[in-house]
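> Structure in structure tokens, see below.
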Amino acid sequence: MSLWKRTASKRRRSAPKNGGGIMVKDFACSRCGACCRQLPLFHGIYDDLDRGDGVCRHFDEQTDLCGIYECRPEMCNVRHSYALFKQHLSWESYVERTTLGCKFLRAQLRKTPLK
Ligand code: SF4
Ligand code: SF4
């Protein structure tokens, strides 16, 4: 079974809660599209989605949004992907690091804008 299929069985449908059942910090996607437009920066994880120029074949350039959002792959879902890291990272640390990653991706995109 693939890594992504294994994580699918552990998916979370809502933000994790602390011991007291209180909702904790959630990941806020700004919908900038910087991830979907720079797939080679993910070291091969998204190669199957690459339309040939580093942009996902499902990315809608008119709206800057995912064209298959409701059925996007598990690996595109930040919340579901937490299953891969939760042994080592708290949800808050994971959100912080992912948010930093998004900042990096936006900076990279400004350096190499789409033609
Ligand atoms: S780079 Fe981050 S903030 Fe931008 S669309 Fe991707 S997940 Fe959302
Ligand atoms: S499937 Fe959607 S969320 Fe995933 S990389 Fe492609 S456009 Fe982005």
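The numbers here are math on the coordinates, done by the rules we state, and not lab data. Just so we're clear, the structure is a prediction, and the values are computed from it rather than from any experiment. Ideal geometry is used to build each Cβ from the backbone, glycine not excepted, and the neighbour counts take in all protein chains shown.
> Determine the sum of side-chain charges near SER90: Lys and Arg each +1, Asp and Glu each -1, restricted to other residues whose C-beta is under 12 angstrom from that of SER90.
Counting the neighbours of SER90, the net charge comes to +1.
> Test of the criteria: in the range 57-115, which GluC sites (Glu not before Pro) are in a DSSP loop and have at most 14 other Cβ atoms within 10 angstrom of their Cβ?
Here the sparse-neighbourhood loop sites are GLU61.
> What distance in nm separates the two pseudo spin-label positions at ASP50 and THR63, each 7 Å out from Cα along the beta-carbon direction?
2.6
> Okay, moving on. Which net charge results when you count Lys and Arg as +1 and Asp and Glu as -1 among the other residues whose beta-carbon is under 12 Å from that of PHE42?
So the surrounding residues net to -2.
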